[in-house]
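Computed from the coordinates by the stated procedures, all read-outs in this text should not be read as laboratory data. Here the structure is a predicted model, which is why all the values come from computation and not from measurement. Backbone-built Cβ (ideal geometry, glycine too); neighbour counts: all protein chains shown.
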Amino acid sequence: MDLIAENDWNKKFQFTLTWRNDRIILSQKQRADVCSFTPLLDGFHIMDRLRISGGNRLQGAVTISGAKNAALPQIAAALLSPHPLELTNLPAVTDVENMLGVVTLHGAVVNRAAHGTIIDTSAIVSKETSYDTVRRMRATVLVLAPLLARFGHARVSLPGGCAIGARPVDMHIKALATLGADVAIENGLIVASAPGGLKGARVVLSSPSVGATETAMMAACAAKGETEILNAAREPEVADLAACLGAMGARIEGAGTHRILIEGSTTWQPAKHHGISDRIEAGTYAVAAAITGGQLELIHARLENLASVVQALEAMGVSVWPSDRGLVVSRDGPLKGADITTEPYPGFPTDLQAQFMALACCAEGASLIRETVFENRFMHVPELMRLGANIKLQGTTALVRGGAPLRGAQVMATDLRASVSLVLAALVSEGETIINRVYHLDRGYEQLDRKLRLCGADIERLTS
């Protein structure tokens, strides 16, 4: 059913907006064009809101879903091989659905079933991946290397995603160029070609970028000879991509360290891979238990992937111990302030900085939070302050003075992790909090409101 937006604004400009099949149709007088106008599209999504009444102590168990940041490159990697790839433990989040949509646009056949998702790329074609396709998330740049490796050429629009920093694609481009590709940016497109095929080489990354490491790994699998990737990202998601590529037939050593060796010219084969659990989701629910003074068992959470997070929790007065099914997080005493600096893995993850800032708002004393990964990842600060938080910013450092009670208010989510920090703060705020633009949450958290409600939170999704 179409949703017609009629108000004084569009009557003044004599057009009608029609919502149809996840698109906006702009009709003006006698012409009708498909309009990929992000602010207007977001305007329809932000009609979903969360209403949260704070004060409830969370108890119970939460099943941690598959890792979104591991699933996205694995979906892209399916384009490397003409054989089917079955992925299990994919989270039901919109970023994953969007990435599956991207490979479908290239001709892949995606079969979703209860046991897993089978991606058949035997009939794919290399065509331009347009801005309208990639604007919703940055990870779509990961299809560049597989398409280049398989067809010798690729055209992918510069990506979108959360507005948390520049996150340039220059390291992706340099990695491909080192492996023998000609790469240029033309009219907002990354245009790459390697008519003679890719060739193994030593790829030295200027910083341990996860995305650039994944791009180099996928390209190197199809390159002739051996590739050495130095200063590689060590994140568990990188190691999980290596495991997926290995199941597909690749020969990779050293994933999870700063030096990765890949023997190229892979002979691809049908494969099945079970993805790791989401360490960021696990960390988020750990903060939910801590901030409410509750106790949660995080099923499928892996202690070895959360060492720096557990260290920070324990410094703030939170107890964490392993269980038969994952981890248990509990807090009985007061929260204590702590200093946190985000760093590449195995350091403290930038994707949990906003959540721990919400926790610091409820702690005794002061906490100093330094963001060293992204330069624009404090956009949640003004919204936390609307709830009563005492935060002072100076460049990439935030001084949080905790202890003052938080009070419910209307707030606006700005990106994926910022939005969940507002949810966490709302769980302990006096009165009612309304969080707008929660479509950000749906990008990376599977059924967040339902999982919290089952643990005792007073939370409701409001849909217009």
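From helices alone, the chain scores -8500 deg cm²/dmol at 222 nm; the rule is -39500 (n - 2.57) for each run of n ≥ 4 DSSP H residues, then divide by the residue total. Here the extension length gained between A92 and Q59 equals 9.5 nm, from 0.36 nm per residue of separation less the Cα-Cα distance.
Using the crude model of +1 on Lys and Arg Cβ and -1 on Asp and Glu Cβ, and no other charge, please compute the dipole size for segment 68-274 relative to its Cα centre, in debye to 20.
Details: 17 positive and 17 negative charges, 22 e Å.
It comes to approximately 100 debye.
What number comes out for the charge environment of A360, summing +1 per Lys or Arg and -1 per Asp or Glu over other residues with Cβ under 12 Å away? Could you put the intermediate results ahead of the total?
Details: positive: K336, R401; negative: D339, E364.
Value of the local net charge: 0.
Based on the Cβ-Cβ distance of H153 and L462, what FRET efficiency does E = 1/(1 + (r/R0)^6) give at R0 = 35 Å, to the nearest 0.05?
Efficiency, rounded to the nearest 0.05: 0.15.
The Cα trace of the chain gives Rg and Dmax of 22.7, 67 Å, the first to one decimal, the second as a whole number. What you get for the chain, charging only the Cβ of Lys and Arg (+1) and of Asp and Glu (-1), is a dipole of about 560 debye around the Cα centre. Here's the list of aspartates and glutamates a cross-link from K336 could span, going by alpha-carbon distance under 13 Å and ignoring same-chain residues fewer than 8 apart: E314, E364.
Tally Lys and Arg at +1 and Asp and Glu at -1 over the other residues with C-beta under 12 Å from the C-beta of S206: what net charge comes out?
Numbers: positive: K174; negative: D170.
Local net charge: 0.
In terms of distances greater than 23 angstrom between alpha carbons, the cross-link table entries K68/K272; K68/K451; K174/K272; K174/K224; K68/K199 yield K174/K272; K68/K199.
Taking amide H atoms as placed 1.01 Å from N in the peptide plane, the amide H of R234 lies under 5 Å from those of Y345, each 5 or more residues away in sequence or on another chain.
Net charge around R57, counting only other residues with Cβ within less than 13 Å of its Cβ (Lys, Arg = +1; Asp, Glu = -1)?
Working: positive: R331; negative: D332, D458.
Result for the neighbourhood of R57: -1.
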